[in-house]
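Each remark here refers to the structure printed beneath this line.
The values are calculated or read from the model by the stated rules, or taken from the named source; none is laboratory data. All of these numbers come straight from a predicted model, not from anything done at the bench. When we count neighbours, we look across all protein chains shown, and the Cβ atoms used for this are built from the backbone with ideal geometry, even at glycine.
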Ligand code: GLY
C-alpha cells in the first residue's frame with residue numbers, strides 16, 4: 001500500500017497520478033464529497049414537508065358550538081317532555097332523570113346558552129319548555145343542589161329574556177337553599193347524611209352560592225350574601241389541604257361547629273384530590289371573587305388553579321384523570337366534565353389576574369377546549385346519544401357513569417366556548 005510521506009514537511013502537490021491512482025486517499029475523499037454533493041442536490045429538490053398549521057381557536061369554537069346545536073336540537077326532539085338527559089347506559093341507551101335530580105338544570109341551561117349564541121327562536125322555545133318543568137323545584141329543601149338546578153335554567157333564562165316573572169321563583173329557591181344553613185357551623189348542609197354523619201358539606205356546594213349572591217342583589221336583602229360569604233370563608237378554613245387541593249366531604253358538628261371528619265364520596269380516597277371537586281372549588285372561588293371582590297377568594301382560586309395546572313399527573317392535553325391520585329394513572333379514566341368546568345372557570349379567572357397568570361390560565365383553557373373539540377372527545381353528529389362530549393366520569397367508587405357523556409360536561413363546555421368567544425371579541 002502506497003503511503004504518502006512528506007518528509008520535508010512540504011504541502012504535497014496534487015498530481016494527475018494522485019487523482020487516477022485508486023489507492024490514493026485524495027481521489028477517495030473527492031468521490032465522497034461528490035456523492036454528498038449529489039445527495040444534497042437531491043434532497044434540496046424534494047418538496048418540503050408542509051408545516052402543520054394549527055386551526056385557529058375561533059374556528060374550533062364555532063365548529064364545536066355548531067355541533068352542540070345539532071346534538072341538542074336532536075336531544076330535545078327525542079326527550080320525553082318532563083325528563084332531563086343525564087347520561088348513557090352501558091348499552092348506549094339514554095339515561096334520563098326527573099326534575100329532582102341535581103343535574104336537571106343543565107339541559108335547559110345549555111339550550112339557553114345556545115339561544116344566546118344563535119338568537120334562534122326555536123332554541124329559546126325549547127329552553128323555555130325545559131325550564132318550566134323545574135318550577136316546583138323552588139320548594140325543594142332536601143339538598144344543596146337547588147343552585148345548580150335553578151340558576152342554570154331560570155337564571156340563564158332571566159339573564160337573556162329579562163322576564164321578571166321568574167324572579168320570585170329564584171328568590172324562593174334561595175330561601176330553600178338558606179333553610180339548610182346553621183349559625184353554629186357557618187355552612188350550608190349539602191346532604192342529609194353521609195357515613196353516619198348528619199351535617200355533611202361537600203366542596204361542590206361552593207357552586208350554589210351564586211344563587212345567593214344573585215338573590216341578595218335583586219332582593220336587597222343582605223342575609224343571602226352573608227350566608228354565602230360565611231360558607232365560602234368556612235370552606236377556606238376547613239376544606240383545603242396544605243397543597244391547596246380540597247377534600248370532598250366534611251362532617252360538621254352542629255353543637256360545636258367543629259369538623260368531625262374529612263372524607264370522600266366520589267374520589268379515589270379520603271386523602272386524594274377528586275378532579276371534579278377541584279374543578280368545583282376553582283369555579284366556586286372565582287365566582288365568589290367576582291361577586292364580592294374579596295381578594296381572599298381570588299387568592300384561593302389562584303391556588304386551586306395552580307394546584308391543577310402544575311400537577312405532575314395533569315396530562316399534556318389538560319384533560320385530568322378522574323382523580324389526580326387515581327391509583328392506576330396513566331391507565332385511568334379521564335374526566336371530560338372536570339376539564340370543561342376547569343376551562344370555563346379559568347377563562348373567567350384570567351380576567352381578574354395580571355399578565356403572567358392571565359396567559360397561563362388562558363393558554364390552559366384553550367388547550368382544554370382544543371382537546372375537547374377533537375374527535376376523541378367531541379361527538380360526531382347524531383352519535384353519542386345526542387350528548388356533546390364523550391368520556392366523563394360520574395361516580396367511580398360507586399361504579400356508576402364511568403367513561404360516559406354527562407349533561408354537566410356539556411353545559412360547562414358550551415359555557416367555556418361562549419366565554420372564550422366573547423373574551424376574544426372583546427380584546428380584538
Ligand atoms: N355534585 C355532584 C358531582 O359533581 O358529581
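Out of all the residues in the range 202-217, which are farther than 13 Å from residue 173 by Cα and more than 14 Å from the ligand (Cβ to nearest atom)?
Narrowing the range 202-217 to residues farther than 13 Å from residue 173 by Cα: 202-207, 217.
Matches in the range 202-217: 217 only.
Within the range 94-115, residues that are closer than 19 Å to residue 68 by Cα and touching a residue at least 12 places away in the same chain (Cβ under 8 Å) sit with their Cβ atoms under 9 Å from residues that are assigned to a loop (DSSP other than H, G, I, E, B) and within 14 Å of the ligand (Cβ to nearest atom), at 6+ positions apart or across chains, in these pairs: 103/145; 103/406; 104/145; 105/145; 106/406. Restricting the range 284-316 to residues that are outside any helix (DSSP H, G or I) and more than 21 Å from residue 331 (Cβ to Cβ), the residue that is farthest from the ligand (Cβ to nearest atom) is 293.
Based on what the data block shows, is residue 380 out of contact with any helix residue (DSSP H, G or I) (no Cβ under 6 Å at 6 or more places or on another chain), part of a helix (DSSP H, G or I) and either within 15 Å of the ligand (Cβ to nearest atom) or modelled with pLDDT of 95 or more (or both)? Break it down stepwise before answering.
Details: out of contact with any helix residue (DSSP H, G or I) (no Cβ under 6 Å at 6 or more places or on another chain): yes; part of a helix (DSSP H, G or I): no; either within 15 Å of the ligand (Cβ to nearest atom) or modelled with pLDDT of 95 or more (or both): yes.
Against the criterion (out of contact with any helix residue (DSSP H, G or I) (no Cβ under 6 Å at 6 or more places or on another chain), part of a helix (DSSP H, G or I) and either within 15 Å of the ligand (Cβ to nearest atom) or modelled with pLDDT of 95 or more (or both)), residue 380 does not qualify.
Selection of first residues in the range 272-284 that are more than 17 Å from residue 327 (Cβ to Cβ) and of second residues that are modelled with pLDDT under 95 and more than 11 Å from the ligand (Cβ to nearest atom), restricted to Cβ pairs under 8 Å at least 6 apart or on distinct chains, gives an empty result. The residue pairs whose first member lies in the range 197-223 and is within 15 Å of residue 287 (Cα to Cα) and touching a residue at least 60 places away in the same chain (Cβ under 8 Å), whose second member is within 14 Å of the ligand (Cβ to nearest atom) and part of a strand (DSSP E or B), and whose beta carbons are closer than 7 Å, counting only pairs six or more residues apart or on different chains, are 203/246; 205/188. Somewhere in the range 319-336, is a residue part of a helix (DSSP H, G or I) and within 11 Å of the chain's Cα centre (by Cα)? Checked the range 319-336: at least one residue is part of a helix (DSSP H, G or I) and within 11 Å of the chain's Cα centre (by Cα).
Residues in the range 243-260 that are within 17 Å of residue 274 (Cβ to Cβ) and part of a loop (DSSP other than H, G, I, E, B): 243, 244, 245, 247, 248.
Among the residues of the range 162-196, those identified as more than 16 Å from the ligand (Cβ to nearest atom), touching a residue at least 12 places away in the same chain (Cβ under 8 Å) and within 29 Å of residue 114 (Cβ to Cβ) are 166, 167, 169, 170, 171, 172, 173, 174, 176. Per the listing 64, 44, the residue uniquely away from the ligand (no atom under 16 Å from the Cβ) and at pLDDT 95 or above is 64. Filtered by the rule that a residue be in contact with a strand residue (DSSP E or B) (Cβ under 9 Å, 6 or more places away or on another chain) and not in a loop (DSSP other than H, G, I, E, B), the range 80-116 gives 84, 85, 86, 87, 88, 94, 95, 96, 97, 106, 107, 108.
Can you go through 267, 281 and tell me which one is within 14 Å of the ligand (Cβ to nearest atom), touching a strand residue (DSSP E or B) at 6+ places or on another chain (Cβ under 6 Å) and either farther than 30 Å from residue 193 by Cβ or assigned to a loop (DSSP other than H, G, I, E, B) (or both)?
It is 267.
Candidates 328, 355: the one that is more than 16 Å from the ligand (Cβ to nearest atom) and modelled with pLDDT under 95 is 355.
Please specify each residue of the range 399-424 satisfying the condition of being within 16 Å of the ligand (Cβ to nearest atom) and part of a helix (DSSP H, G or I). Result: 407, 408, 409, 410, 411, 412, 413, 415. Scanning the range 246-264 for residues that are crowded, with 24+ Cβ neighbours inside 10 Å and away from the ligand (no atom under 15 Å from the Cβ) yields a single hit, 252. I want to confirm something. Restricting to the range 338-374 and keeping residues that are touching a residue at least 24 places away in the same chain (Cβ under 8 Å) and not in a helix (DSSP H, G or I), which single residue is surrounded by the fewest Cβ atoms within 10 Å (Cβ to Cβ)? The qualifying residue surrounded by the fewest Cβ atoms within 10 Å (Cβ to Cβ) is 351. List every residue pair whose Cβ atoms lie under 8 Å apart, where the two residues are 6 or more positions apart in sequence or sit on different chains, the first residue falls within the range 383-410 and is more than 16 Å from residue 322 (Cα to Cα) and in contact (Cβ under 8 Å) with a residue 60 or more places away in the chain, and the second residue, located anywhere, is within 15 Å of the ligand (Cβ to nearest atom) and assigned to a loop (DSSP other than H, G, I, E, B). Taking only residues 6 or more apart or on different chains, the pairs are 384/405; 385/405; 387/405; 387/406; 388/405; 407/103.
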